[in-house]
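**Q** Before anything else, here's the structure in question.
The numbers here are math on the coordinates, done by the rules we state, and not lab data. Note that the coordinates shown come from a computational prediction; the quantities given were computed from them, not determined experimentally. Positions of Cβ are backbone-derived with ideal geometry, glycine not excepted, and every protein chain shown enters the neighbour counts.
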Amino acid sequence: MEIQTKVLPLGETGGLYSIISKEITDDGGVFHLHLNPECIIYKAHFPEQPITPGVCITQIAVELAEIVVGHSLHMIGIKNVKFLSIMTPDSLTEVTYSITIKSSDDKETRIQAVAQSDDVVYAKMSLICKR
């Protein structure tokens, strides 16, 4: 028996981020985000020196890919993920996610995502999702 859970989207009001602007293309999109330093996630991870958890960095990519493809997605695999720099709300309040849909059909969607700001790359991801 497969157990399905739906996490409250991190982009909800009061959540981890909000979308400042977005540009959707045929095969992806570019999203400029504001990180919410008051989010409860930062209070727990870690109170004295908040850091954006890696699982949240990947979940943000999935949520933005949902906007691109126009339906909900559930991550079922990670082909590759590299966390290259620490995302902290103290020094970084805006980040850009570039989402590319590498392939999509009725069964799965393959996503490439890069989280960066200016000349700093925070993460590169290749994710596998299903509807």
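**Q** Return the single residue from 45, 74, 34 with maximal mean-square fluctuation; model: Gaussian network over the chain, springs between Cα atoms under 10 Å.
**A** Greatest mean-square fluctuation among the candidates belongs to 45.
**Q** Moving to a separate point now. Rounding to the nearest 10 and keeping the result within 0 to 90°, find how far the Cα-based axis of helix 54-69 lies from the longest principal axis of the chain.
**A** Approximately 50 degrees, to the nearest ten.
**Q** Among the listed pairs 43/82; 82/107; 22/43; 22/124, give every one whose C-alpha distance is greater than 21 Å. Don't skip to the answer; put the middle values down first.
**A** On the way: 43/82 24 Å; 82/107 25 Å; 22/43 28 Å; 22/124 19 Å.
With Cα atoms farther than 21 Å apart: 43/82; 82/107; 22/43.
**Q** With a cut-off of 8 Å between alpha carbons and a minimum separation of six or more residues, what is the relative contact order of the chain in percent?
**A** 24 percent
**Q** Along the charge dipole of the chain, which of 28, 95, 117 sits closest to the positive end, that is, farthest toward it, with unit charges on the beta carbon of Lys, Arg, Asp and Glu (+1, +1, -1, -1)?
**A** Of the listed residues, the answer is 28.
**Q** For segment 81-91, just list the computed ³J(HN,Hα) in residue order, Karplus coefficients 6.51, -1.76 and 1.60, θ = phi - 60°, integers in Hz, with x standing in for Gly and Pro.
**A** For segment 81-91, the Karplus curve yields 8, 10, 9, 9, 8, 7, 9, 10, x, 6, 9 Hz.
**Q** Okay, moving on. Relative to 2.2 N^0.38 Å, what does the C-alpha radius of gyration of the chain come to as a ratio? Two decimals please. It would help to have the intermediate numbers written out before the result.
**A** Numbers: Rg = 14.3 Å, N = 131, 2.2 N^0.38 = 14.0 Å.
Normalised by 2.2 N^0.38 Å, the Cα Rg of the chain equals 1.02.
**Q** Using the per-residue mean of other Cβ atoms lying within 10 Å as a proxy for protection, in what order, highest first, do the peptides 94-101, 37-44 fall? Numbers along the way, then the final one.
**A** Working: 94-101: 19.8, 37-44: 14.0.
In decreasing order of mean packing, 94-101, 37-44 become 94-101, 37-44.
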